[in-house]
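Below: one structure, written as structure tokens.
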Amino acid sequence: MPALVVAAVVASAAGTGGWLVVRDTELARASPGPSAVNGALPPQPPVDAPLPWGPTAGELAQARSTVAGWSAEQLVGQVIVGRYHGTAPEAAAAMVRQLHLAGVSMQAENVVDAAQVRATSAAVAEAVAADGRTHPAVIGVDQEGGTVSHLDGAATRFPAYAEAGDAVVADPVLGRTVVKRAAEATGLELRDLGFTWVFAPVADVTIGAADPTIGSRSSSEDPAVAADVIRASIRGYNDAGIVSTVKHFPGHGSVEGDSHTEFPSLTATLTELRERDLVPFRAAVDAGAPAVMLGHMAVEAIAPDLPASLAAPVYDLLRRDLGFDGLTITDSLGMAAVSVSDRPAVDALNAGADLLLLPADTAATHATLLAALESGDLTRERLEDAAATVVAVQLWQRRSAAAAPVPVDVVERAAEAAAALDEAD
């Protein structure tokens, strides 16, 4: 199958009842659409032309070629960001090597101090390299600022994201500048600790006191303000050479339940979603966001019976309505909301996810995906597409990081950026 990408097309996957994300010219050749003239495709972009979500067409082609020769075990591992327990670097590294994982997400329980974090990220990076992979590991962390800062004692704590919204309201021009610098400083400090991903920013538009989960993690109750903040944050993270993750699509800020402990519903109509919840996500896509995280709430307007992260119509909304061609990742699969499915990892991939975050049991999830591949409940084509997208993003991360060296005074710069954000509101 040719590897050059022209668009993200969502098509039904035979035999799975789910959806297949195809980012390839093959489908266009088979079924010429309005953009084709006499059955011929329009000119393709140069291989070094960046795609809207970061990687170049050549990097995505390289990623597709790479994963095409992988074993089933390698493919399955490349779509999982694993959960591990304790603080020993060798434990995280052994799991990554044994299961061929894309990488890990460090939780607060995994963190002691900066030296131990660096040792863990280095061990995971070495495990990926020892497994024969030449792209960087996914080494991520929830470091939003405020209450969700998993690196306390190891990195600068930034103010809650609500203060970014306040800064933009107080002075739109200065506020956007301060927010961008805060994101860039966060990204550079994380890279200094060995991270390649940050599970931020939060694009949810909060409804205030009735929102029990997001609250001050959201930048604003005003969609336009939230969009301004998200746009600035994405640009800052991109400039820092780290993969950001816009969350929690299609919006958790108006959900009156906590998906960590229950299966809540987003009751907004489709019109309300487009006028409120989707506005910051659209801004993120326009700003070049590389990855979008899907939440675990039921979206009553289009998929009332499944968490968004497992629901093909929600991925379709992201791809077609917002035009996002990049990487999709689930929220943590260890959360209570996904217990409505017996095989949330399989369902998420078939719905359109590219990367599975923090399954409750990493090894068991790896085995479940292998069994689904063998039975035909999950196709190799879907798995290769997901794995190639992950690899392509990591190739972009390596290239963008090389263009943005971490300054020697990165910790001091992060402290200054945090103070500036705190003062700007």
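The values are calculated or read from the model by the stated rules, or taken from the named source; none is laboratory data. Fair warning: this is a prediction, and the values are worked out from it, not measured in the lab. Glycine gets a Cβ as well: all are built from the backbone with ideal geometry, and neighbour counts include every protein chain shown.
Candidates 166, 152: the one that is within 25 Å of residue 254 (Cβ to Cβ) and either without any contact (Cβ under 8 Å) to a residue 60 or more places away in the chain or of a type outside the set (Ser, Thr, Tyr) (or both) is 166.
Considering the range 58-72 alone, what residues qualify as being buried (at least 16 other Cβ atoms within 10 Å of the Cβ) and touching a residue at least 40 places away in the same chain (Cβ under 8 Å)?
Pass one, the range 58-72, residues buried (at least 16 other Cβ atoms within 10 Å of the Cβ): 58-64, 66-67, 70.
Within the range 58-72, 59, 60, 61, 62, 63, 64, 66, 67, 70 meet the criteria.
Restricting the first member to the range 106-131 and to residues that are in a helix (DSSP H, G or I), and the second to residues that are of a type in the set (S, T, N, Q), the beta-carbon pairs closer than 6 Å and six or more apart or on different chains are 110/87.
Can you report the number of residues in the range 335-363 which are more than 19 Å from residue 387 (Cα to Cα) and aliphatic (A, V, I, L, M)? Of the residues in that region, 6 qualify. Looking only at the range 320-331, decide whether some residue is of a type in the set (S, T, N, Q), touching a strand residue (DSSP E or B) at 6+ places or on another chain (Cβ under 7 Å), within 21 Å of residue 98 (Cα to Cα) and crowded, with 22+ Cβ neighbours inside 10 Å. Checked against the condition, which is being of a type in the set (S, T, N, Q), touching a strand residue (DSSP E or B) at 6+ places or on another chain (Cβ under 7 Å), within 21 Å of residue 98 (Cα to Cα) and crowded, with 22+ Cβ neighbours inside 10 Å, the range 320-331 yields no hits at all.
Looking at this structure, is residue 227 more than 30 Å from residue 139 (Cβ to Cβ) and among the hydrophobic types (A, V, I, L, M, F, W, C)? Here the answer is no, as residue 227 does not meet what is asked.
Against the definition (under 20 Å from the mean Cα position of the chain (by Cα), closer than 25 Å to residue 334 by Cα and assigned to a helix (DSSP H, G or I)), how does residue 91 come out, yes or no?
Numbers: under 20 Å from the mean Cα position of the chain (by Cα): no; closer than 25 Å to residue 334 by Cα: yes; assigned to a helix (DSSP H, G or I): yes.
For residue 91, the condition - under 20 Å from the mean Cα position of the chain (by Cα), closer than 25 Å to residue 334 by Cα and assigned to a helix (DSSP H, G or I) - is not met.
Remark: pairs (first residue in the range 402-425, charged (D, E, K, R); second residue outside any helix (DSSP H, G or I) and modelled with pLDDT of 95 or more; Cβ separation under 9 Å; 6+ apart in sequence or on different chains) = 413/407; 422/158; 422/159; 425/159.
Within the range 121-133, restricting attention to residues that are of a type outside the set (Gly, Ala, Ser) and under 21 Å from the mean Cα position of the chain (by Cα), the residue that is surrounded by the most Cβ atoms within 10 Å (Cβ to Cβ) is 124.
Per-residue answers, yes or no, for (1) of a type in the set (Ser, Thr, Tyr); (2) in contact with a Cys (Cβ under 6 Å, 6 or more places away or on another chain); (3) under 30 Å from residue 122 (Cβ atoms); (4) outside any loop (DSSP other than H, G, I, E, B):
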{"residue": "154", "(1), (2), (3), (4)": "no, no, yes, no"}
{"residue": "164", "(1), (2), (3), (4)": "no, no, no, yes"}
{"residue": "169", "(1), (2), (3), (4)": "no, no, no, yes"}
{"residue": "173", "(1), (2), (3), (4)": "no, no, no, yes"}
{"residue": "177", "(1), (2), (3), (4)": "yes, no, no, yes"}
{"residue": "181", "(1), (2), (3), (4)": "no, no, yes, yes"}
{"residue": "184", "(1), (2), (3), (4)": "no, no, yes, yes"}
{"residue": "190", "(1), (2), (3), (4)": "no, no, yes, yes"}
{"residue": "194", "(1), (2), (3), (4)": "no, no, yes, no"}
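Of all residues in the range 351-365, those satisfying the criterion of being outside any loop (DSSP other than H, G, I, E, B) and surrounded by fewer than 23 Cβ atoms within 10 Å (Cβ to Cβ) are 363, 364. Figure legend. Inter-residue proximity from the range 243-263: first residues at pLDDT 80 or above and in a loop (DSSP other than H, G, I, E, B), second residues surrounded by 24 or more Cβ atoms within 10 Å (Cβ to Cβ) and of a type in the set (Ser, Thr, Tyr), beta-carbon distance below 7 Å, spacing 6+ or different chains. Indicated pairs: 253/206; 253/218.
Number of residues in the range 207-238 that are aliphatic (A, V, I, L, M) and more than 17 Å from residue 178 (Cα to Cα): the value is 5. You will find that of 411, 406, 393, the residue that is out of contact with any Cys (no Cβ under 7 Å at 6 or more places or on another chain) and in a loop (DSSP other than H, G, I, E, B) is 406 and no other.
For every residue, the table says whether it meets (1) touching a Leu at 6+ places or on another chain (Cβ under 9 Å); (2) among the basic types (Lys, Arg); (3) under 21 Å from residue 414 (Cβ atoms).
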| residue | (1), (2), (3) |
| --- | --- |
| 206 | no, no, no |
| 216 | no, no, yes |
| 246 | no, no, no |
| 257 | no, no, no |
| 278 | yes, no, no |
| 281 | yes, no, no |
| 293 | yes, no, no |
| 299 | yes, no, no |
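If you go through the range 212-223, how many residues are in a loop (DSSP other than H, G, I, E, B) and either at pLDDT 90 or above or under 17 Å from residue 278 (Cβ atoms) (or both)? Let's see the steps before the verdict.
Filtering the range 212-223 for residues in a loop (DSSP other than H, G, I, E, B) gives 212-214, 218-222.
Next, only the ones that are either at pLDDT 90 or above or under 17 Å from residue 278 (Cβ atoms) (or both) stay: 214, 218-222.
Here the count works out to 6.
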